[in-house]
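Provided herewith is a single structure, encoded as structure tokens, for subsequent inquiry.
Read the figures in this text as sums done on the coordinates, not as results from a lab. Predicted, not measured: the structure shown is a model, and the values here were computed from it. A quick note on method: Cβ atoms are made from the backbone with ideal geometry, for glycine too, and the neighbour counts reach across all protein chains shown.
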Amino acid sequence: MAILQRIGLEEPLETLGEIISWQVRGVSIRHLDLINALDKAGLNSHVARELAPRNAFLRACSRLARDRLIRKVSEDPYVVMFQFTKEIPSGEKLDYRMETLLRLDKHTGGITCDHPELETIAREELDRCLEARSARDVSQIVQRIFEKHGDLFRIRESGGVYFVPKAHRGLTDRVEKFLSGLGGTLLRFPVPKGSPSGDAAIQQTVTHGLELMVTEHIRAIEHLGLDARPETLERAAAKIQTTRLKIAGYSEFLNQKREDLERSLENASELLRERLDQAIQVPEENAVLV
């Protein structure tokens, strides 16, 4: 305490949050160890199961693609569709013939296609890849945890270093315990409040992160077709509302930027209302045409 008093730090510094970065050593992590580490850290292990089938199948494709091309043709929150195209030598050129379309359930890992042999091989490769997780999988799980229960604001465009507001310190504690359980590390650097350069940097970081969220909402809505399902529109509205709450919750970081963000978000809401009105009118227009 005497040392702290001499340097004027007898009271803990008030912080804006923390700068964090993590590292996971090792190439392969057993799925069971991953689930156990999440459970012991008090985190929902379902987040690992959500990411597992899609990522595992992408790894399985490296073996399945030895004499064929595999391309993702569509994806929604539940299903990924892949096209398998056979590559056939024909004299001095290559011919291509579509073999099948394969449907992967992102949550259950279920595989279906109209080519029994390929379906069996794909299932075997997926099962094999599901048994091991890579450091990249772990990193995606950490990002998904913060996406669902907190926020990560990128310090640099390439990622890897993030700002976490002080409100999510408890979540950061649990993530640190999770990574430690896998032999990884979480570096945490508190950001003191009251430093002009530090306050300005965090304001810029948080503002930019929220601007990206709003931009993503607008782009997603612009790509909605007139045949968009009601649940798709509901999810878009829910995401906008979540971002609205974030803007209010992080107002201390935003200052005058808050009004700009709220206006941009209102533009996204208005665009969604227009899409909803168009979707409602489509059946009536079709009826007139008929």
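Could you calculate the contour length gain from residue 66 to residue 212, that is, 0.36 nm times the residue separation minus the distance between their Cα atoms, to one decimal place in nm?
48.7 nm
Between residue 115 and residue 76, with labels modelled 7 Å along Cα→Cβ, what's the label distance in nm to one decimal, could you check?
2.4 nm
Please report Rg (one decimal) and Dmax (integer) in Å for the Cα set of segment 197-240.
14.7, 49
Still on this structure: Under a cut-off of 13 Å between alpha-carbon atoms, report the aspartates and glutamates in cross-link reach of residue 40, not counting same-chain residues fewer than 8 places apart.
By straight Cα distance, residue 40 reaches 173, 176.
Now, a different point. Taking 2.2 N^0.38 Å as the expected size of a compact globular protein, what ratio does the Cα radius of gyration of segment 30-133 give against it, to two decimals?
Relative to the rule-of-thumb radius for its length, segment 30-133 sits at 1.25.
Let me ask something else about it. Within segment 70-87, what residues put their amide N at less than 16 Å from the label point 7 Å along the Cα-to-Cβ vector of residue 147?
Answer for segment 70-87: 75-80.
So if we plug the beta-carbon distance of residue 185 and residue 235 into 1/(1 + (r/R0)^6) with R0 = 41 Å, what FRET efficiency do we get, rounded to 0.05?
0.70
How do the peptides 256-268, 192-204 rank, highest first, by the average count of neighbouring beta carbon atoms within 10 Å per residue? Spell out each step's value before the answer.
Numbers: 256-268: 15.8, 192-204: 13.5.
Answer by packing, highest mean first, reads 256-268, 192-204.
Report, in degrees rounded to the nearest 10, the 0 to 90 angle that the Cα long axis of helix 196-222 makes with the longest principal axis of the chain.
The answer is roughly 30 degrees.
A follow-up question, please. Using only Cα atoms, tell me the angle between helix 46-64 and the longest principal axis of the chain; keep it within 0 to 90° and round to the nearest 10.
That works out to roughly 50 degrees.
Can you give the angle from 0 to 90° between the axis of helix 230-249 and the longest principal axis of the chain, with both taken from C-alpha atoms, to the nearest 10?
The angle comes out at about 20 degrees.
Based on the Cβ-Cβ distance from residue 108 to residue 166, what FRET efficiency comes out when R0 is 35 Å, to the nearest 0.05?
0.40
Give the cross-link partners of residue 246 among the lysines, using a straight C-alpha distance below 17 Å as the criterion and excluding same-chain residues fewer than 8 apart.
In chain and number order, the partners are 148, 166, 257.
May I ask which residue of 115, 94, 129 lies farthest towards the positive end of the charge dipole of segment 30-133, with charges of +1 (Lys, Arg) and -1 (Asp, Glu) on Cβ and the Cα centre as origin?
Checking the options against the dipole of segment 30-133, the answer is 129.
Using 0.36 nm per residue, how much length does the chain from residue 30 to residue 92 gain when fully extended, once their Cα-Cα distance is taken away? Before the final figure, lay out each step's value.
Values: separation 62, 0.36 × 62 = 22.32 nm, distance 4.55 nm.
17.8 nm is the gain from fully extending residue 30 to residue 92.
With springs only between Cα atoms under 10 Å apart, run a GNM on the chain and tell me which of 175, 79, 164 wobbles the most.
Greatest mean-square fluctuation among the candidates belongs to 79.
Wrap a convex hull around the Cα atoms of the chain, take a quarter of its surface area, and give that in square nanometres.
22.6 nm²
Next up: Would you please name the GluC sites (Glu not before Pro) within segment 118-223 that are DSSP coil residues with at most 15 other C-beta atoms within 10 Å of their C-beta?
Counting only loop positions with at most 15 other Cβ atoms within 10 Å, the GluC sites (Glu not before Pro) in segment 118-223 are 131, 157.
For Cα pairs less than 8 Å apart in space and 6+ apart in sequence, what is the mean separation divided by the residue count of the chain, i.e. the relative contact order in percent? List each step's numbers first, then the result.
Details: 357 pairs, mean separation 64.9, N = 290.
Contact order relative to length: 22 percent.
Then there is this: Mind giving me the nanometre distance, one decimal, between the label points for residue 277 and residue 154, set 7 Å out from Cα along Cα→Cβ?
Placing both labels 7 Å beyond Cα along the Cβ direction yields 3.5 nm.
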